[in-house]
1. From the set of residues in the range B:170-187 that are within 18 Å of B:Thr244 (Cα to Cα) and within 14 Å of chain A (Cβ to nearest Cβ), which is surrounded by the most Cβ atoms within 10 Å (Cβ to Cβ)?
2. Of everything in the range B:152-169 that's open to solvent by 40 Å² or more (accessible area, probe 1.4 Å) and part of a helix (DSSP H, G or I), which residue is nearest to the other protein chains (Cβ to nearest Cβ)?
3. For the range B:74-98, give me each residue that is closer than 26 Å to B:Arg267 by Cβ and either within 22 Å of the chain's Cα centre (by Cα) or among the aromatic types (Phe, Trp, Tyr) (or both).
4. Determine the pairs where a residue that is within 17 Å of B:Ile135 (Cα to Cα), located within the range A:32-52, has a partner that is among the acidic types (Asp, Glu) with Cβ atoms under 9 Å apart, the partner being 6 or more residues away or on another chain.
5. Pick out the one residue from A:Ser130, A:Ser83 that is in a loop (DSSP other than H, G, I, E, B) and open to solvent by less than 70 Å² (accessible area, probe 1.4 Å).
6. What residue, among those in the range B:134-151 that are more than 8 Å from every other protein chain (Cβ to nearest Cβ) and within 18 Å of B:Phe239 (Cβ to Cβ), is most open to solvent (accessible area, probe 1.4 Å)?
7. Among the residues of the range B:263-287, count how many are at pLDDT below 80, more than 21 Å from B:Asn68 (Cα to Cα) and more than 10 Å from chain A (Cβ to nearest Cβ).
Amino acid sequence: MIEQRNEEDLFHPVDHNRFKQNEIVRPSIGQFRETVTNILRNKLAVLGMFILVIITFFAIFGPNMVPYSYSDQNLEAKNLAPSVEHWFGTDALGRDMWARTWYGARISLTIGIAAALIDLVMGLVVGGISGYMAGRGKLGDRIDGFLMRIVEILYGIPYLLVVILLLVVMKPGLWTIILALSITGWVGMARIVRGQILQLKEQEYVTAAQKLGTSHGKIIWRHLFPNMIGIIIVNLTFTIPNAIFAESFLSFIGLGVQAPIASWGTMANDALGVILTGQWWRLFFPGFLISLTMFAFNVFGDGLQDALDPQSSD
Amino acid sequence: MYILKRFLTMIVTIWVITTLTFIIMHSIPGDPFASDADVLPEEVVENMREKYNLDQPLPVQYLLYLKNLATLDLGPSIESKTRDVNTLIADGFPASALLGIQALVIAIVFGLILGIVAALNHNGLLDYLSMGVAIIGISVPSFILAPLLIKYFAVDWGLLPVASWGSWEHTVLPSVALATAPLAIVARFMRSSMLEVMNQDYIKTADAKGVSTIGIVIKHGIRNALIPVISFIGPLVAFLLTGTFVIEKIFAIPGIGKYFVDSIFNRDFPVILGTTIFFSAILIVTLFIVDISYRLVDPRIKLSSKGE
């Protein structure tokens with residue numbers, strides 16, 4: 001009797017939780033918190049963030065703060081300097097510069113963010129497939145090689161030239177610009193993502209996860225993706241201002257949004273003729289805001305890069 | 001082997017952009033003589049179509065264009081009856097090239113100086129000052145900076161000519177406006193490259209062996225820090241190239257950039273096609289040369305490697 005009891009003690013059901021403990025997942029909150037604390041310590045990056053919040057706020061609410069719309073013409077009130085009536089003055093057609101400037105901010109930010117997001121998705125898909133398939137048998141190498149040839153050729157083609165060509169033949173408009181900007185814009189992101197994946201998938205923890213039988217999807221989602229987020233976000237903070245710059249550049253040479261829609265680039269172009277007549281507000285407001293936005297994104301991006309880089313903790 | 005492969009990629013890229021440009025240009029409904037067809041007799045329009053090969057089926061037009069391109073003939077301009085695309089480019093090239101090269105030299109020389117000074121004063125006053133200049137240079141687009149330069153240097157202070165082309169004085173403001181952003185990028189790039197190099201063991205070794213600071217900086221620091229900067233010249237040239245579009249427009253300089261922008265407005269398709277291919281070819285060849293010389297300068301990168 002006694003022996004039988006002992007045997008029952010020896011065998012008992014395995015606790016399922018013990019296998020759960022073997023699952024290795026990086027605590028995601030830790031790095032996030034660290035990044036936030038790091039970036040808050042960087043005064044310039046905080047300033048950039050602050051500027052971006054303010055510009056976004058005015059882009060959303062600014063045009064509605066005044067009783068004029070961006071296209072309302074008033075020939076009795078043309079070329080007015082900034083005053084209580086018209087906070088940023090008026091242009092040659094008597095249009096309110098405040099309304100136009102912040103409406104332009106809407107256009108610029110929309111184009112910047114939309115183009116950057118399309119680049120991100122395209123880059124993740126192409127770069128991800130390419131990087132993950134590389135070195136996985138003949139087929140994998142072929143897929144990687146094929147995608148990389150495309151990327152290589154697109155990378156060699158001058159970016160703005162392609163955009164200009166597309167805009168010459170397409171119907172001008174907001175979405176045309178976004179489309180034209182993203183048709184070749186994703187290449188840079190794809191290269192970065194591929195490089196990251198090639199590097200990350202050789203890491204010991206990925207090999208370990210593979211040997212433990214983790215599925216491809218889970219490896220990508222749990223191990224590869226979280227470790228790339230930093231670089232991807234940093235790249236985004238540089239893609240957005242580049243798209244904004246490209247839009248104002250194109251609008252400036254007359255290929256961007258069409259009149260009467262305002263954009264910072266078209267406003268700067270309109271102001272070219274009057275810069276010598278002393279109407280400083282025509283160039284100052286759009287010009288200053290483009291520069292301020294570029295500045296804010298750049299310092300914020302720099303700060304983010306430093307905050308995410310463990311080597312630059314000093 | 002690597003050079004050959006890289007060369008083939010270059011040819012393919014030029015071919016791809018030619019084809020792409022051709023398809024885009026011909027996907028537009030109507031033809032360049034649509035507006036003339038109302039005022040001119042039908043026979044004249046027919047003759048013009050024939051002259052520009054527009055009466056041929058598209059594949060034939062494409063092959064004709066490729067054939068002409070192989071002999072470096074970019075075809076006639078529709079807008080300008082007397083000058084073809086080749087003469088247009090030949091006319092505009094000297095001004096554009098002078099502008100581009102001056103801007104490139106300004107950007108590289110001052111960018112490097114700024115970057116080196118900043119790196120050697122890491123976290124010091126000079127570092128913050130030069131990086132402040134650099135971040136402003138990146139933030140202010142050239143088409144905002146150029147009108148300001150004209151207003152102050154040309155109009156208010158009368159130091160330099162307002163616009164147009166002629167003497168060397170005419171080239172100063174446009175070159176500066178064109179160079180500012182690339183200068184800032186070079187400065188930032190050089191700074192981080194220099195900081196990294198100065199942390200290497202061989203710098204410490206040289207220091208421990210008693211090499212003077214100037215010797216270390218020049219012989220070991222700058223020389224090694226320059227290598228990654230070389231790889232950046234390609235994108236820099238691309239940047240300058242597209243920059244000339246607005247700068248030549250603002251300063252009314254008769255260069256290719258201005259012709260290109262004008263041809264966009266006139267929808268002069270042969271000129272758009274020709275200048276696009278010309279610009280792309282210049283850029284692609286530059287990228288090729290930079291890539292090869294980069295590998296030659298740095299013995300650590302083997303020419304036979306896959307080119308990551």
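1. B:Leu178
2. Result: B:Val155.
3. Result: B:Leu74, B:Val85, B:Asn86, B:Thr87, B:Leu88, B:Ile89, B:Ala90, B:Asp91, B:Gly92, B:Phe93, B:Ala95, B:Ser96.
4. What qualifies is A:Asn42/A:Asp302; A:Asn42/A:Asp306; A:Leu44/A:Asp302; A:Ala45/A:Asp302; A:Ala45/A:Asp306; A:Gly48/A:Asp302.
5. A:Ser83
6. The qualifying residue most open to solvent (accessible area, probe 1.4 Å) is B:Leu145.
7. 1
One line per residue, one yes/no per condition, for (1) closer than 15 Å to A:Leu160 by Cβ; (2) within 14 Å of chain B (Cβ to nearest Cβ); (3) touching a residue at least 40 places away in the same chain (Cβ under 8 Å); (4) surrounded by fewer than 22 Cβ atoms within 10 Å (Cβ to Cβ):
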{"residue": "A:Ile219", "(1), (2), (3), (4)": "no, no, no, yes"}
{"residue": "A:Ile232", "(1), (2), (3), (4)": "no, no, yes, yes"}
{"residue": "A:Ile240", "(1), (2), (3), (4)": "no, yes, yes, no"}
{"residue": "A:Ile244", "(1), (2), (3), (4)": "yes, yes, yes, no"}
{"residue": "A:Glu247", "(1), (2), (3), (4)": "yes, yes, yes, no"}
{"residue": "A:Ser251", "(1), (2), (3), (4)": "yes, yes, no, no"}
{"residue": "A:Val257", "(1), (2), (3), (4)": "no, no, yes, no"}
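The values are calculated or read from the model by the stated rules, or taken from the named source; none is laboratory data. Keep in mind it's a predicted model, so treat the numbers as computed, not measured. Positions of Cβ are generated from backbone atoms using ideal geometry, with glycine treated the same way; all protein chains shown enter the neighbour counts. In case anyone asks, the SASA skips ligands and DNA or RNA and just uses the protein heavy atoms, side chains included. Shrake-Rupley method; radii C 1.70, N 1.55, O 1.52, S 1.80 Å.
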